[in-house]
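The next block holds one structure in the form of structure tokens; read it before the comments.
The values are calculated or read from the model by the stated rules, or taken from the named source; none is laboratory data. Since the structure is predicted, the reported quantities are computational estimates derived from the model, not experimental observations. Note: ideal-geometry Cβ built from the backbone for every residue, glycine included; neighbour counts use all protein chains shown. Ligands, DNA and RNA are stripped out before the accessible areas are found, and what is left, the full protein with its side chains, is counted by its heavy atoms. Shrake-Rupley method; radii C 1.70, N 1.55, O 1.52, S 1.80 Å.
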Amino acid sequence: MTLAGGILILITIISSFLIVAVAPYIKIVTNNYFFWLALGLLLLVYLITFRFADEWKQFGTGMWTSIVISRAFMLDMCPFSAFFICVLITVDPTRKLASILAPFAIFGGLITIVGGYAFNGDNGEPPQLDWHYVLIGTPDNPIYFMMHYINVVIGMAVLVSTPKLGFQRYVMGNVFAILYFSYVGIMVAIFHVTDHATGMVPGDWANDGEYAAVSEILHLGYPGCMILGLLGAYLAIVLIIFLGALLQKSKRYRWYNVRNQKWYKGWYKLQLNKQDLKKFNQQEKVFNLRETLQFWKHRI
């Protein structure tokens, strides 16, 4: 591990702890939908400008290599979660959809930054401590650090700023995982993708693959390393969901699942009277997509 890699790992870990530490004191900001709308739009412009626009353009030219297909259709979990968690905080004022994706984003971002920089850097390229590398990346790997950093910090921010969904977050997380890996499998079969497919193809675990270091540590070839790797990832994501729910047992981190009628002042009520508290106890674990759909129905 290089000094630059160690510093970038430290920045990511400290940022995660800072988000958790300050979350109870900035609820008046994070409860405001306009904050998430502005943040989501800003990050989407950044991600599209410095990463996805060029990848979609390459796909349009007919250069259908595995990495072009993977990047154009987001067959790697990290680009997918970075892009869509920003989409979800933009379009969903409840943040509940984003909170389902958040554990995947946090795990993907952390394991890539910590594991990647600790073992083989930016896909073999040593990280650098300069603004161009941190914010723009390299020609072969645009915004490598920042994309994964966005996963971690936005995922953490969403997880500590959304009402507890309890067991429903776990169930919906499983549904998302099944749908996403089914999507990746279908795209792999259609386009014959050989690498950069969230560990679902042998090339991801080969000597120059994304998860080669994991394969070496486990001393296993494909598919054994894939099975153990995905199982470990699943358990880590479940642990993040559990820790998020455990954190909200503290009154400081608790978000009441009671909507504020004056949503533009804050989506959820931060203080409850007896009537509101009864409603909260009845709906604490309710995930209701209709709430978001109705919000946009009256504004389109």
| remark: Mean separation of Cα contacts under 8 Å (at least 6 apart) over the residue count of the chain, i.e. the relative contact order in percent, is 23
| Accessible area in the full protein assembly, largest first, 1.4 Å probe, for Glu216, Glu55, Glu210 | Glu216, Glu210, Glu55
| Under a 1.4 angstrom probe, counting protein chains only, how are Arg71, Arg51 ranked by accessible area, largest first? | Arg71, Arg51
| query | Over the range 1-104, what is the relative contact order in whole percent, taking alpha-carbon pairs under 8 Å and six or more residues apart? | reply | 27
| request: With a Förster radius of 41 Å, plug the Cβ-Cβ distance of Ile28 and Ile190 into 1/(1 + (r/R0)^6) and report the FRET value to the nearest 0.05. | output: 0.30
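State the percentage of accessible surface on the chain attributable to carbon and sulfur atoms; use a 1.4 Å probe and exclude ligands, DNA and RNA.
Carbon-and-sulfur percentage of accessible area, whole number: 70.
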| said: Sequence gap at least 6, Cα distance under 8 Å: using those rules, report the relative contact order of the range 201-271 to the nearest whole percent. | reply: 15
| said: Using only the Cα atoms of the chain, what are the Rg and Dmax in Å? | reply: 19.8, 62
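If you roll a 1.4 Å probe over the heavy atoms of the protein chains, what accessible area per residue do you get for the chain, in Å²?
Using a 1.4 Å probe on heavy atoms only, each residue of the chain averages 51 Å².
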| Which of Ile237, Ile14 is most accessible, then next, and so on - probe 1.4 Å | Ile14, Ile237
